[in-house]
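To keep things clear, I will list the structure first and then write my remarks on it.
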Ligand code: SF4
């Protein structure tokens, strides 16, 4: 199949060809943690005593009420309650939050509702009650089962708590995720294999496995920990994870994600396929499509300022309509993370731009062996996944 080439610059500055809305998700940010981890660049804030749960929930409800007109009538497929450490909130608060979402939005009957939880004892005791509050899927921030590694990366939980939390998630949830990291200080290939084997012993339906990176403006960026494995070892670890997960029945479906059949993270899949999401809570980002534009929003980041602004009726700090020439990169940034890629038709469906607008970049990427030449799909080759940044940048406007 030959695709005619139309430069994006020849198109209208804004995408305007969206025939139908993409699936809609909701992200809710709960921004507090017991202690800031030294590698963390998320919008998370150490608690200084009692959490202002009731006031924060009031602010979320006000934020939700102000946002409803933007998604009026649309069905919500997935909800993700992330943080921070959402499991610090009481089950009663999570119940109230899920009820507020159900009252104001059209939640699909089979909606996936994920809550991020940390393995502390105080939190583990609430896992079952979170399920009764409407959470259908738990994502547990284990990071490692190795006592020494947990200490070196500054986590507040220990090995015993990690084991107990994974066990409790398996007992109470038909589907759950264990969040793990590799490339940890002091970790060698044997230690990585032991950690993976321990995780697989719980038969997790889903694993997320992230490489520890030193993000700017974190404690680790200014004072890197000792004993970080070199690049070759980290690459060997990635291969060991892929092989071990496959042997355990979990297919590698996204750069950092592995799942049993039927247990892929629907919420994340919606991000990766350029779906829409309403972002509520401090610092939450959102992306919504309208017939004439695609908008990105960001809420105020600091919890106190967020609560004040939301209760006063508008917590949005920035609202930006994406230009047509930004859309190919935005789309590819996510879609190319998927091992199976996406259908070529979904590019036009989700961006409103003709596939012809990226024909030249697609052809170049296929020539370099980074993309599958099948014209019906946009799928990275194994080489493309290895050099993902290079591949994504070929679609910059
Ligand atoms: S628990 Fe998670 S969100 Fe909180 S500081 Fe640590 S890494 Fe960041």
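The values are calculated or read from the model by the stated rules, or taken from the named source; none is laboratory data. Please read these numbers as outputs of a predicted model, since none were measured by experiment. Backbone-built Cβ (ideal geometry, glycine too); neighbour counts: all protein chains shown.
Please enumerate the residues belonging to region 171-199 that are touching a strand residue (DSSP E or B) at 6+ places or on another chain (Cβ under 7 Å) and closer than 27 Å to residue 134 by Cβ. 173, 175, 176, 177, 178, 179, 180, 199, listed by residue number. Listed here are the helices (runs of 4 or more DSSP H) enclosed by region 280-376 that have at least 1 residues being under 24 Å from residue 264 (Cα atoms) and touching a residue at least 60 places away in the same chain (Cβ under 8 Å): 327-335, 345-351. The single residue among 388, 371 that is modelled with pLDDT of 95 or more, within 21 Å of the chain's Cα centre (by Cα) and not assigned by TED's automatic domain parsing to the domain that holds residue 54 turns out to be 388. For region 110-130, the candidate set comprises residues that are surrounded by fewer than 20 Cβ atoms within 10 Å (Cβ to Cβ) and part of a helix (DSSP H, G or I); within that set, the residue that is nearest to the ligand (Cβ to nearest atom) is 122. Can you tell me which residue is nearest to residue 204 (Cα to Cα) among those in region 133-160 that are in contact with a helix residue (DSSP H, G or I) (Cβ under 6 Å, 6 or more places away or on another chain) and assigned to a helix (DSSP H, G or I)? The qualifying residue nearest to residue 204 (Cα to Cα) is 159. Inspection of region 176-183 identifies at least one residue that is within 21 Å of the chain's Cα centre (by Cα), touching a residue at least 12 places away in the same chain (Cβ under 8 Å), farther than 22 Å from residue 83 by Cα and part of a loop (DSSP other than H, G, I, E, B).
For region 38-80, a tally of residues being buried (at least 19 other Cβ atoms within 10 Å of the Cβ), free of Cβ contacts under 8 Å to residues at least 60 places away in the same chain and within 13 Å of the ligand (Cβ to nearest atom) returns 1.
Please give the number of the condition residue 254 fails out of (1) in contact (Cβ under 8 Å) with a residue 60 or more places away in the chain; (2) out of contact with any strand residue (DSSP E or B) (no Cβ under 6 Å at 6 or more places or on another chain); (3) under 24 Å from residue 82 (Cα atoms). Looking at each condition in turn, residue 254 falls short on (2).
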